[in-house]
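The values are calculated or read from the model by the stated rules, or taken from the named source; none is laboratory data. Keep in mind that this is a model prediction, so the values were computed, not measured. So basically every Cβ, Gly included, is an ideal-geometry build from the backbone, and we count neighbours across all protein chains shown. Just the protein is used for accessible areas: all its heavy atoms, side chains included, with ligands, DNA and RNA removed. Shrake-Rupley method; radii C 1.70, N 1.55, O 1.52, S 1.80 Å.
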Amino acid sequence: MFGRERLPAANYMTLNKPQFESLDQMADATAASLAQAAAGSAFHLFHDKQFRRLAGFEQLSQAEQDRIFNELVVACVVLIMLVLEAPDLRVAGEFHDYLSDLNKRIPKAHVDHLKTLGVETEHLREWEKLIAMRYEEYARDRHDVRAAAMQIESSEKGLDLDDLSKIQMLVPVQAVAIGCHHHICRGDTEGQDDLFKLTLRSLSRFYVELRVRLEGGRITPLTRVRVALKRILRRMRTGKQSEQ
C-alpha cells in the first residue's frame, strides 16, 4: 500500500516556527510539527540496521519495504493521538480542550504534508483511511493491554496506586507497539520477539519525548515508565530463555 509515497527524511524533519495570529493557527502549526516528528521517528527506525536485519529486508520487495515504512509512520501518528487524549496526561485542566482539538487535527496535518510533497489525491484518501483504521484498532486494543498488564503485575505482587499509574501511562505505547509489530509481520509474529522489542524501544523513546514536552519537562513520572519498560523487556528475555 502506498509504495511510492515513502518520502525523504529531510522533507519530514523541516519544522517552521511561524508567528500566530489565532489559536487555530497555532493548533494547525503544532499539529503539522507533530505529524512531521512522527514521520521522522518512523524514518529513523526504518533505517536502523538491526531493524532491517530482523525484519528480513534483504528478502523483501520494495513494495513490501514501503508498506512497513507506512505502518511505522501511522503507528507514530496514532501514538500522538492516543497521548493527546490520555486521561493521565499531566497538563492544566484548561489545556485539555486545546489538546482535544489538536488531536483531531493530527491526521489532516499528516495528509496535508504529503499533499505539499506531491502525493496524488488517490493516495491521500488511502492514507486518511489507514490512519482512521489503525487509530480505531489501537484505541480499542488499549483495554486488552491494560487488563493484561494488571494481571501480570498482580500475579507478582499486590497492586498499589503507583503500579496502576505506571500501567495506565504505558498503555498507549504498548498498544501501538503490539499492533504495529503485528502488521509489520503480517500477523506472523512467531519468533519475532527481538523485532518487537526494538519496535517498542523506538516507539517508547518517541512517546517519552512527546509526553515530556507536553507536560512541560516534568520527567519524574516518565522516569518510572522507563524503568517499567525495562522490566517488560527483561521479562520477555527471561521468558524466552526459559523456553529454550
- Here the range 89-103 yields Karplus 3J(HN,Hα) values (6.51, -1.76, 1.60; θ = phi - 60°; whole Hz; Gly and Pro given as x) of 5, 8, 10, 4, x, 6, 7, 5, 5, 5, 5, 5, 5, 4, 4
- Note on the structure: Arg186 neighbourhood, Cβ < 13 Å, K/R = +1, D/E = -1, net charge -3
- Message: Report the gain in length on full extension from Ser100 to Glu122: 0.36 nm times residue separation, minus Cα-Cα distance, nm rounded to one decimal.
- Response: 5.1 nm
- With all protein chains in place and a 1.4 Å probe, Leu72 shows an accessible area in Å² (nearest 10) of 10 Å²
- What figure in square angstrom, to the nearest 10, would you give for the accessible area of Met133 with a 1.4 Å probe? 100 Å²
- Message: Taking θ = phi - 60°, what integer Hz values does the Karplus form 6.51 cos²θ - 1.76 cosθ + 1.60 yield along the range 36-51, in sequence order, with x for Gly and Pro?
- Response: 5, 5, 4, 5, x, 5, 4, 4, 4, 5, 4, 9, 5, 4, 5, 4
- Reduced Cα scattering model of the range 68-138, Debye log10 I(q)/I(0), q = 0.12, 0.19, 0.21, 0.27 Å⁻¹: -0.35, -0.78, -0.90, -1.24
